[in-house]
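Chemist: Input: one structure, supplied below.
The values are calculated or read from the model by the stated rules, or taken from the named source; none is laboratory data. What you see is a predicted model, and the numbers here were worked out from it, not measured in a lab. Every residue, glycine as well, gets a Cβ built from its backbone with ideal geometry; the counts of neighbours run over all protein chains shown. For the accessible areas, the whole protein counts, side chains as well, though only heavy atoms, and no ligand, DNA or RNA atoms are used. Shrake-Rupley method; radii C 1.70, N 1.55, O 1.52, S 1.80 Å.
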Amino acid sequence: MAKQKLNTFGRVRALEGWKAIAFGAALLERMLPNYTLFCDVTETGDAPALRNCLNLVWETLKSPKSKFNVGVQLEKVEVATPDTSEFDNYGVYPAIDAAIGLAALLNLVAGDDPQGAVVVSKLSQGSVEAYLLAAEEASDETVKEHPLMAFEVEVQNELLDYIEQAKYPAKACEEMKQLALEAGISNIGLEL
């Protein structure tokens, strides 16, 4: 399984331009519900701002002429990112991963971090691993074989299989979003 995981990151690293952005956005569709639940439970954060930001990224992919101020959106994400010192529940960690992933995606859109999709990919898998360890559903030795982690890697590879062959951004965006949400669960298994 570890070899497949490295292979996944290698494939993500090879993505360029709109394909890398679409892949990162699709993974964030599975991470954002973790942030939203955290906001609901703690009555903090700004889930609508993060949702809007991800929607802007999708819109730009579908209609390249539509632009948005990445700096302003990055600021909103930064303000909405929770601080672990202020919360004592586990939900803060996947919420932070989602916010950091969205910031990485925005930096990719802006051209400031060409490896932004790799950051999102690693954060998504890292969220699953941390969740399984914290919930004591897996140990360091068994986490890679746990069904939720195997599913995460499978979803990422499915998205990669699709985006590597895709030719048209607008069509690909719709398909990527559907593929990401198909199972009806977030990356850590929350029902959507």
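Chemist: Just to confirm my numbers, what's the Cα centroid distance between the stretch 125-192 and the stretch 49-80 in Å?
Modeler: Cα centroid of the stretch 125-192 versus Cα centroid of the stretch 49-80: 22 Å apart.
Chemist: Probe radius 1.4 Å, ligands and nucleic acids ignored: give me the carbon and sulfur share of the accessible area of the chain as a rounded percent.
Modeler: Roughly 53 percent, rounded to a whole number.
Chemist: I would also like to ask the following. May I ask which of Lys76/Lys144; Lys65/Lys167; Lys122/Lys167 have a Cα-Cα span longer than 29 Å here?
Modeler: Listed pairs above 29 Å: Lys76/Lys144.
Chemist: Highest mean first, how do 177-188, 98-109 rank when packing is the count of other Cβ atoms within 10 Å averaged over residues?
Modeler: 98-109, 177-188
Chemist: With every protein chain present, what is the per residue accessible area of the stretch 131-192 (1.4 Å probe, Å²)?
Modeler: Value returned for the stretch 131-192: 55 Å² of accessible area per residue.
Chemist: Over the stretch 131-174, how many percent of alpha carbon pairs lie in each 5 Å bin up to the one with the longest distance?
Modeler: In whole percents, the pair-distance histogram is 5, 20, 21, 13, 11, 10, 10, 8, 2.
Chemist: Extension gain Ser63-Ala183, at 0.36 nm per residue separation less the Cα-Cα distance, in nm?
Modeler: 40.5 nm
Chemist: Compute the Rg to Rh ratio over the stretch 43-95 from the alpha carbon atoms, using the Kirkwood formula for Rh, and round to two decimal places.
Modeler: Ratio value, two decimals: 1.09.
Chemist: Tell me, what is the FRET efficiency for Ser139 and Asn89 to the nearest 0.05, using R0 = 22 angstrom and their Cβ-Cβ distance as r?
Modeler: For R0 = 22 Å, the calculated efficiency reads 0.45.
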